[in-house]
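Data block below; observations after.
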Amino acid sequence: MRRRSALVVAAALALAACGGGGSGGSAATTTVVEDPIPRTSLPPATVATTAGTVATTTIPVMAVAVTEPATTLPTPVAPPAEDVKEPLQQLGHIEIPRLGVSEDMFEGIALSTLDLGPGHWPGSAMPGQVGNVVIAGHRTSHSKPFRNIDKLEAGDTVLFTVDGAVYTYAVTDHEIVDPTAIHIVDQTLEPTATLFACHPPGSVAERYVVRLKLQT
């Protein structure tokens, strides 16, 4: 009986489509939930040098390795279970002028959080910090803040407001990835950000990922 239940759950997740009612969807609809979070394990915490390489200087008889001071990057948490209920914590605000988006932003990436608005991946960099600020959002359910995420072009801006400070990031590029592509949360040696959502609209087949860089 347990094995049958597990198979039913697995089948439901496989057939889930972005644009379902989320946690508040109607049982009468044919879609399930819009769940953009990759359900896979994360790599170990990343420790990198500011230069990214180790330089070796050779002198007579012996070699001396010279390294830059190490920088410990933020460590994103593992993806939560689909049915986890995260504590409600408003983190700040996100604006995407090109798309007309102005939404409260929350801490967390469980469906219970994303149903309220864009969610910050816990453990990823905070806006303005070195590392990668990772933000997930719905495309076709609830307030669908990332509905037109694929319309963003290089140079378009995204503004994060946290604790009264405003941080402006500009789009650099985008990619379409597999649903299990956990590399999208990898941290960077400069202040960057990543927005992602299900793709195409109404499907969980892929993820649309937008990369950004902090403007100074």
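Throughout, read-outs are computed from the coordinates displayed, never taken from laboratory work. Only a predicted model underlies this, so the values are computations on that prediction, with no experimental measurement involved. We place every Cβ from the backbone using ideal geometry, glycine too, and count neighbours over all the protein chains shown.
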Chymotrypsin sites (Phe, Trp or Tyr not before Pro) in the range 122-216 lying in a DSSP loop, each with at most 14 other Cβ atoms within 10 Å of its Cβ, come to none
Thr40 paired with Gln129, simple spin-label distance in nm, labels 7 Å along Cα-to-beta-carbon: 2.5
Note down the nm distance, to one decimal, between modelled labels 7 Å out along Cα→Cβ at Leu88 and at Ala205. 3.7
In order over the range 110-125: 3J(HN,Hα) from phi, Karplus 6.51/-1.76/1.60, θ = phi - 60°, whole Hz, x for each Gly or Pro, gives 5, 4, 4, 8, 5, 5, 8, x, x, x, 8, 5, x, x, 6, 4
Under the rule of at least 5 residues apart or a separate chain, name every residue whose amide H is placed under 5 Å from the amide H of Leu189. none
Amide H contacts under 5 Å for His199, placed H, 5+ residues apart: Ala205, Glu206, Arg207, Tyr208
